[in-house]
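The values are calculated or read from the model by the stated rules, or taken from the named source; none is laboratory data. No experiment lies behind these values; they were computed from the predicted model shown. Counting neighbours? That spans all protein chains shown, and the Cβs are built from the backbone with ideal geometry, glycine included. Each accessible area value is taken on the protein alone, full model and side chains, heavy atoms only, with ligands, DNA and RNA left out. Shrake-Rupley method; radii C 1.70, N 1.55, O 1.52, S 1.80 Å.
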Protein chains: 2
Amino acid sequence: MDAVIDAARTSWVPVGEASDFPLQNLPYGVFSSPGSPPRIGVAIGDHVLDLSIVADAGLLDGTIPDPLVVVTADSLLPLLAELLDADDSRIRDSGLAETPTDDTVTGAALVPRGEVTLHLPVRPGDYVDFYSSIQHATNLGRMFRPDSEPLLPNWRHLPVAYHGRASTVVPSGTDIVRPCGQRRGDPDGEEPTAFGPSRRLDIELEVGFVTGGPGNGLGTPVPVADAQEHIYGYLLVNDWSARDIQAWEYQPLGPFLGKSFATSVSCWLVPSEALEPYRVGGPAQEPEPQPYLRADGDHGLDLDLEVWLEAAGGEERRISATNFRDMYWTPPQQLAHVTVNGTAIRPGDLYASGTVSGEGPGTYGSLIELTWGGKEPLSLPDGSTRTFLQDGDTVVLRGWCGGAGRPRVGFGALRGQVAPAPTML
Amino acid sequence: MDAVIDAARTSWVPVGEASDFPLQNLPYGVFSSPGSPPRIGVAIGDHVLDLSIVADAGLLDGTIPDPLVVVTADSLLPLLAELLDADDSRIRDSGLAETPTDDTVTGAALVPRGEVTLHLPVRPGDYVDFYSSIQHATNLGRMFRPDSEPLLPNWRHLPVAYHGRASTVVPSGTDIVRPCGQRRGDPDGEEPTAFGPSRRLDIELEVGFVTGGPGNGLGTPVPVADAQEHIYGYLLVNDWSARDIQAWEYQPLGPFLGKSFATSVSCWLVPSEALEPYRVGGPAQEPEPQPYLRADGDHGLDLDLEVWLEAAGGEERRISATNFRDMYWTPPQQLAHVTVNGTAIRPGDLYASGTVSGEGPGTYGSLIELTWGGKEPLSLPDGSTRTFLQDGDTVVLRGWCGGAGRPRVGFGALRGQVAPAPTML
């Protein structure tokens, strides 16, 4: 697809070559700064453009910069790209911002990103988590059911999913308190169950989309060909998982407390339009799915992904590098599936892809796969090893399209540190 | 426990003996009438007391009658019972209402219930569905796994549950459009899957609670002994289920599209306080659960429940009568379990019990149990039979505490009619 913002255009706001946020991205977020309440902004280079100030100056055509308005209204991307274009002076040198040198920018409308606190870009109504990487589903099947076909019979016919907890979706930077819960009793013990802090705290590297537009209305399926119109944008998701709690509780109704304690999302919502140049053909699907799931054209996404792990006080190490383009089920198929029974979608809903795992050990999106069930520990730069997460560990997810001569449309880092379980239990 | 509103007190509003809504109940709802927007009311006899008018008259101590305020603020029940008490004249004969005879009431503050449209009492943030009837779980285990122990190993150790869809929680009276979806292919056919309107549309008779109070805050478990303080009130739930869609999709992540198309709730939220006189001891639990799930005192509820089924144009027939007192896991245990991993609860969340089934065929809360997997059809008054629901069928759930000389604290009818699947698919 053609780029909405031509790759050659640049901004009067300085943007470094390695920045996730050039003029071609302009993702939304909700930020606050000392003494000011949360408000909407757009990331550009190392700054945040404060949309409340831009709106007050009459430059947003009357749009009220509120998260649900942003995801449901007509796109602001072309207008914002005009305002930030190197050739435009409506904000630059207007009193809202000044550019005393080519490398610096100051003024009320542009806040340095390092000085702001980021919040959730939207508060999801419903949160759905898929299971759409064939490599991830195969790896887990091999570990948990070594004597059977790794993929269950339904897996190639529909994008398996479950509803997750919406109240515990938290922004990047939120500490993840190690959850307590019930697990199977130790094999050599007498008790059928045990209780305490999770011993197998894991991550899941995922990509999520957020719905926008007018919604579909109860009882009205979204055809797969129209699904993209209902997707406002994308973000990174870390679906923290307590494997021991999950393994004991999940039959027959699926994961619950092993997942519900926290789900982290990156704070900059990258608009679908900014990702258009990086769309790729969907994966080959065999057997061909039911007609309501058959997608044409470029419904995959060439999106590089990384997982980094850092012990408390140590250096970070990259433990996985993979790509989103090989996901078996794609976002348009996922949304067509969710709504085929008439389910209502609402603006701001969050739909996560499931763990993104490629082929081969260095491309897996969870520790249970990277350490093969805890049997093959990872080494960290400080000499320590990890199977599952220890208190104080920080996990950072990164993702971006482009680079290498093309505009880098990135997601910013999604960061979370493990805090000890509460002592009251 | 002692009644908050003494059983001997009566109201100046006429209340019939069979009414669900005496002075001892006073459940909240959101209603609208022709030409007026939705607003909060309280059911009393055959009328709704319009709290916006009562508040405007300065009689609610400054409380703003908004659904989330009602469930989080200090209880209004004692004050409302005073205002409606036979001996109180602040509303009666005040201009807001008149009582020309002992049997009639008129005036702006009291709207006949037959003239109003009811809406959701609260829009749930998260919706959790449990599986807490031992008889129901045993029945389904016997049908689906005839050669194994009917209860899975975890069932007696924790209240199994999953997150359901919040966007499709609908009020009583909403038509239920038969969902389309994917199911296993016919056994004698060549296709592994089939697609179309569900052929096994079922109900689940459940009781739900709605959280109120201040919330717990992320990372802070609610002790089982404190759980009741976080429960604002109760309502009836019909967890419509497409058994064929569910059976094909549910491994390994649980029910999804087989449930997400619609969940109906009754429109009057019965305050916990009104149910105090009907609390009973919890069920015997063997083995004893983990300490965080051990509840003392009267954490069960003696609540009669009925399911009625009516073919289009026919008469209704009662197909099940049961009671909520025998549920294995109770609401305080359920809430302690949900939060033990630090999950945040929010005011207005909905937690449904799971299907309520007693011992014996006439006490089951779903058609799959009542017809034993479709093998033993039910007869209706018009001579037709049913295994699962047909288009045009209406299902009515009823529930009440008391009666037989004690105040009847009822929930009102929860009604839903099955509409045909959309023809577009």
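May I ask you to list the residues in the stretch A:310-320 that are surrounded by fewer than 16 Cβ atoms within 10 Å (Cβ to Cβ) and either within 14 Å of chain B (Cβ to nearest Cβ) or over 30 Å from A:PRO407 (Cβ atoms) (or both)?
A:ALA312, A:GLY313
Which residues, taken from the stretch A:404-425, are open to solvent by 20 Å² or more (accessible area, probe 1.4 Å) and either more than 19 Å from A:PHE261 (Cα to Cα) or β-branched (Val, Ile, Thr) (or both)?
A:ALA404, A:GLY405, A:ARG406, A:PRO407, A:ARG408, A:ALA413, A:THR423
Anything in the stretch A:37-91 that is closer than 11 Å to A:LEU23 by Cα and outside any helix (DSSP H, G or I)? List them, or say none.
A:VAL42, A:ALA43, A:ILE44, A:GLY45, A:ASP85, A:ALA86 - these are the residues of the stretch A:37-91 that are closer than 11 Å to A:LEU23 by Cα and outside any helix (DSSP H, G or I).
Which residues, taken from the stretch B:210-244, are open to solvent by less than 10 Å² (accessible area, probe 1.4 Å) and either facing chain A (nearest Cβ under 8 Å) or small (Gly, Ala, Ser) (or both)?
Within the stretch B:210-244, B:GLY212, B:ALA227, B:GLY233, B:SER241, B:ALA242 meet the criteria.
Per-residue answers, yes or no, for (1) within 14 Å of chain A (Cβ to nearest Cβ); (2) touching a Gly at 6+ places or on another chain (Cβ under 6 Å); (3) charged (D, E, K, R); (4) not in a loop (DSSP other than H, G, I, E, B):
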{"position": "B:GLN333", "(1), (2), (3), (4)": "yes, no, no, yes"}
{"position": "B:TRP372", "(1), (2), (3), (4)": "no, no, no, no"}
{"position": "B:LEU389", "(1), (2), (3), (4)": "no, no, no, no"}
{"position": "B:VAL395", "(1), (2), (3), (4)": "no, yes, no, yes"}
{"position": "B:VAL409", "(1), (2), (3), (4)": "no, yes, no, yes"}
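Only one residue in A:TYR328, A:TYR292 is buried (at least 17 other Cβ atoms within 10 Å of the Cβ), modelled with pLDDT of 95 or more and in a loop (DSSP other than H, G, I, E, B), so which one is that?
On inspection, the qualifying residue turns out to be A:TYR328.
Per-residue answers, yes or no, for (1) part of a loop (DSSP other than H, G, I, E, B); (2) out of contact with any Pro (no Cβ under 9 Å at 6 or more places or on another chain); (3) not acidic (Asp, Glu):
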site	(1), (2), (3)
A:VAL128	no, yes, yes
A:ASN139	no, no, yes
A:PRO146	yes, yes, yes
A:PRO150	yes, yes, yes
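Could you tell me which residue of the stretch B:215-251 is farthest from the chain's Cα centre (by Cα), considering only residues that are more than 19 Å from B:ASN341 (Cα to Cα) and hydroxyl-bearing (Ser, Thr, Tyr)?
Restricting to residues being more than 19 Å from B:ASN341 (Cα to Cα) and hydroxyl-bearing (Ser, Thr, Tyr), the top hit is B:TYR250.
Of all residues in the stretch B:195-205, how many are within 16 Å of the chain's Cα centre (by Cα) and within 14 Å of another protein chain (Cβ to nearest Cβ)?
Here the count works out to 1.
Here is a yes/no grid of residues against (1) among the hydrophobic types (A, V, I, L, M, F, W, C); (2) assigned to a loop (DSSP other than H, G, I, E, B); (3) away from chain B (no Cβ under 14 Å):
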| residue | (1), (2), (3) |
| --- | --- |
| A:ASN341 | no, yes, no |
| A:ALA344 | yes, yes, no |
| A:PRO347 | no, yes, no |
| A:TYR351 | no, no, no |
| A:THR355 | no, yes, no |
| A:GLY365 | no, yes, yes |
| A:GLU369 | no, no, yes |
| A:LYS375 | no, yes, yes |
| A:PRO381 | no, yes, yes |
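Take A:GLY114 and decide whether it is farther than 30 Å from A:SER366 by Cα, open to solvent by 30 Å² or more (accessible area, probe 1.4 Å) and either out of contact with any helix residue (DSSP H, G or I) (no Cβ under 8 Å at 6 or more places or on another chain) or part of a loop (DSSP other than H, G, I, E, B) (or both).
Judged against the criteria, A:GLY114 is not a match.
Residue-wise test of (1) open to solvent by 20 Å² or more (accessible area, probe 1.4 Å); (2) among the basic types (Lys, Arg).
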residue: B:ALA18; (1), (2): yes, no
residue: B:TYR28; (1), (2): no, no
residue: B:PRO34; (1), (2): yes, no
residue: B:PRO38; (1), (2): yes, no
residue: B:LEU60; (1), (2): no, no
residue: B:ASP74; (1), (2): yes, no
residue: B:LEU77; (1), (2): no, no
residue: B:LEU83; (1), (2): no, no
residue: B:ARG90; (1), (2): yes, yes
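Which residues, counting only those in the stretch A:391-403, are crowded, with 16+ Cβ neighbours inside 10 Å and either at negative phi or out of contact with any helix residue (DSSP H, G or I) (no Cβ under 8 Å at 6 or more places or on another chain) (or both)?
Answer for the stretch A:391-403, where residues must be crowded, with 16+ Cβ neighbours inside 10 Å and either at negative phi or out of contact with any helix residue (DSSP H, G or I) (no Cβ under 8 Å at 6 or more places or on another chain) (or both): A:ASP393, A:THR394, A:VAL395, A:VAL396, A:LEU397, A:ARG398, A:GLY399, A:TRP400, A:CYS401.
Would you mind stating whether B:SER11 is buried (at least 16 other Cβ atoms within 10 Å of the Cβ), over 23 Å from the mean Cα position of the chain (by Cα) and at pLDDT below 95?
Criteria not met by B:SER11.
Could you list, in sequence order, all residues of the stretch B:188-221 that are touching a strand residue (DSSP E or B) at 6+ places or on another chain (Cβ under 8 Å) and closer than 30 Å to A:PRO420 by Cα?
B:THR211, B:GLY212, B:GLY213, B:LEU218, B:GLY219, B:PRO221
Among the listed residues A:GLY185, A:GLY297, identify the single one that is without any contact (Cβ under 8 Å) to a residue 24 or more places away in the chain and either under 30 Å from A:GLY402 (Cβ atoms) or hydroxyl-bearing (Ser, Thr, Tyr) (or both). Quick ask: steps written out before the conclusion?
On the way: A:GLY185 fails: either under 30 Å from A:GLY402 (Cβ atoms) or hydroxyl-bearing (Ser, Thr, Tyr) (or both).
It is A:GLY297.
Looking at A:ALA262, A:ALA247, A:ALA274, which one is open to solvent by less than 10 Å² (accessible area, probe 1.4 Å), touching a residue at least 40 places away in the same chain (Cβ under 8 Å) and out of contact with any Cys (no Cβ under 9 Å at 6 or more places or on another chain)?
Step by step, each of A:ALA262, A:ALA247, A:ALA274 is checked, and only A:ALA262 is open to solvent by less than 10 Å² (accessible area, probe 1.4 Å), touching a residue at least 40 places away in the same chain (Cβ under 8 Å) and out of contact with any Cys (no Cβ under 9 Å at 6 or more places or on another chain).
Quick test of your reading of the structure: B:LEU236 fulfils all but one of (1) under 15 Å from B:GLY410 (Cβ atoms); (2) not in a strand (DSSP E or B). Name the failing condition by number.
(2)
Which residue is nearest to B:PRO381 (Cα to Cα), if the candidates are limited to the stretch B:295-309 and must be in a strand (DSSP E or B) and open to solvent by 50 Å² or more (accessible area, probe 1.4 Å)?
Restricting to residues being in a strand (DSSP E or B) and open to solvent by 50 Å² or more (accessible area, probe 1.4 Å), the top hit is B:TRP308.
Filter the stretch A:151-164 down to residues that are touching a Phe, Trp or Tyr at 6+ places or on another chain (Cβ under 7 Å) and closer than 27 Å to B:GLU191 by Cβ and give me whichever is farthest from the other protein chains (Cβ to nearest Cβ).
Going through the qualifying residues, I end up with A:PRO159.
Got a number for residues in the stretch B:44-60 being in contact with a helix residue (DSSP H, G or I) (Cβ under 7 Å, 6 or more places away or on another chain) and within 27 Å of B:ILE345 (Cβ to Cβ)?
1
Which residue, of B:PRO187, B:PRO192, B:PRO179, is modelled with pLDDT under 95 and either in contact with a helix residue (DSSP H, G or I) (Cβ under 9 Å, 6 or more places away or on another chain) or at the interface with chain A (Cβ under 8 Å from one of its Cβ atoms) (or both)?
Residue meeting the stated conditions: B:PRO192.
Out of the residues in the stretch B:277-289 that are away from every other protein chain (no Cβ under 14 Å) and not in a helix (DSSP H, G or I), state the one that is surrounded by the fewest Cβ atoms within 10 Å (Cβ to Cβ). Can you show your working first?
Quick first cut of the stretch B:277-289, residues away from every other protein chain (no Cβ under 14 Å) only: B:277-284.
Checking the rest, the ones that are also not in a helix (DSSP H, G or I) come to B:279-284.
Working: B:ARG279: 19, B:VAL280: 16, B:GLY281: 13, B:GLY282: 21, B:PRO283: 16, B:ALA284: 6.
Top of the filtered list is B:ALA284.
With A:SER167, A:SER148 as the choices, which residue is within 10 Å of chain B (Cβ to nearest Cβ) and free of Cβ contacts under 8 Å to residues at least 24 places away in the same chain?
A:SER167
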